[in-house]
Amino acid sequence: MDLPIRFMLQLTPFANMHPADDYARILAYLVKYWKWDIDACRTYLNPNIRAENTYVVLCALVFLIMAEWMHMRYSGLTTEELKERIYAMGRRTFAILAVIPHLGVIIIRNVEIFVIADSPALARGLIVASMFPALVFPLMLSGIRKLRVWITNRRRPRRAPDHNGAEGITSAVTSPLESEQAVLVRPIIDDLKVSLRHNEHLRSSKERSGFDPAADERI
């Protein structure tokens, strides 16, 4: 699974839902989840409209509409209807869609940093610093662990080949010898075949001519 998907699944409690779960509690939590997103996005509108921060207002509107759509679509469902839609869509797909408005609150804050910062370089540095405890540091640890595993596997001595491998090596070693022997024996066999054919030809020609060496000797 790709790293961004795994990261987004860590932000949502809905990634590990099962058919035996209490979907009435999940539905109530979802409604509360999206109401918080709606309230959080609305808090960005008035101050940024007055300050004419166009990009912040647009981002807040986009994620506000997302949260309102999700709230309207799922808040009126029964628990069985919610369960059917989640499993028809896929649990992880639903979990990612549910967390996007929640993640939008963080995106809006990052856009505010770009608007307020004096330079793009400063804005990028502040955004990376804000993501360090939740995203950057875990990624660094994951990369270090993978590097250690790779180094350990490279330094680990290779195991001796098993019985099948030994047989394969033996056959690979003996096959050139067998091929050389076949090359040496084949001309001898061909010569024998030729001589046998020649003798058969002589015998058949003598029988046709009626030539009898013993009779000639008697004469």
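The values are calculated or read from the model by the stated rules, or taken from the named source; none is laboratory data. None of these values were measured; they are calculated from a predicted model. Note that we place each Cβ from the backbone using ideal geometry, even for glycine, and neighbour counts take in every protein chain shown. Protein only, heavy atoms only, side chains kept; ligands, DNA and RNA dropped before computing areas. Shrake-Rupley method; radii C 1.70, N 1.55, O 1.52, S 1.80 Å.
Ordered from largest to smallest accessible area (heavy atoms of protein chains, 1.4 Å probe), the residues TYR74, TYR29 come out as TYR29, TYR74.
As a calculated quantity, the FRET efficiency between VAL115 and ILE65 at R0 = 22 Å, using C-beta atoms, amounts to about 0.60. Taking every protein chain into account, the 1.4 Å probe leaves ASP118 with about 150 Å² of accessible area, to the nearest ten. Normalising by residue count, segment 86-125 has a Cα convex hull of 63 Å³ per residue.
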